Amino acid sequence: DLERRDSHEALSELCRGYWLPVYAYFRRRVGNAIDAQDLTQDFFTRLLDKDYIADARQEKGRFRTFFLTAAQRFMRNEWAKANAIKRGGGKTVLSLDFDAGESFYAMEPADTDTPELLFERQWAIKLLEVVHERLRQEYATKLKLYEQLKPLLVGSGPGYRDVAKRLGMTEGAVKTAVYRMRTRYAQLLRSEIGETVRSPDDVDDEVAHLFDALS
């Protein structure tokens, strides 16, 4: 029915956006790229084919928690079975850029984190990337302004005076523009996190967890 189809599409979109943390988890667990790719495809095939979106809504209301718990269970219970099935053998699969995934994984420290900690950090990084991209899209007609102000979002890069000179603006106007961008960024961050939790009451806790994972 329509509700079921909408749920499936919502989960598909979430999988496409946040598959990389799951891949990083499997990659750290099994130690080689081919097996990790097989696991990732089979894992998301299972999620999509079985329509586990209802379970995701019930497991503490957090998709982050749901994905990690589901990946742990899949690794424990299904790996032997999944490893015996050829990748893509008539199954529903997502188009995933594993070359990019492997590049991201290669930048991770070799053995300093557990697979779980790696998942948490990759989830946080991916979420921030999604938010930055949403912000960039909103500045599509002002990309020069966006690119110059973006480093100032976190207080890095050149100072306000240098940016003002490049943009032909006053320093005060740049400060105002940065304040507006930071405000909008915070709104988009909370909105994106709101899509991954059950209740608006969970957003603050998830924001705190996000920055803990990056610290």
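The values are calculated or read from the model by the stated rules, or taken from the named source; none is laboratory data. Treat the numbers as computed from the prediction; the structure is a model and nothing was measured. Positions of Cβ are backbone-derived with ideal geometry, glycine not excepted, and every protein chain shown enters the neighbour counts. What goes into the accessible areas is simple: the full protein's heavy atoms, side chains included, and nothing from ligands, DNA or RNA. Shrake-Rupley method; radii C 1.70, N 1.55, O 1.52, S 1.80 Å.
The Rg/Rh ratio of segment 124-215, with Rg taken over Cα atoms and Rh as the Kirkwood radius over Cα pairs, comes to 1.03. Take each peptide in 16-23, 67-74, count the other Cβ atoms within 10 Å of every residue, and average; sorted highest first, the result is 16-23, 67-74.
Report note on the peptides 120-126, 40-46: ranked by the mean count of other C-beta atoms within 10 Å, highest first, their order is 40-46, 120-126.
With a Förster radius of 45 Å, plug the Cβ-Cβ distance of ARG161 and ASN77 into 1/(1 + (r/R0)^6) and report the FRET value to the nearest 0.05.
On the way: r = 59 Å, r/R0 = 1.31.
So the FRET efficiency works out to roughly 0.15.
Placing dummy labels 7 Å off each Cα toward the beta-carbon, the span from VAL207 to SER191 is 1.5 nm.
Surface analysis of segment 133-215 yields an accessible area of 63 Å² per residue, using protein heavy atoms and a 1.4 Å probe.
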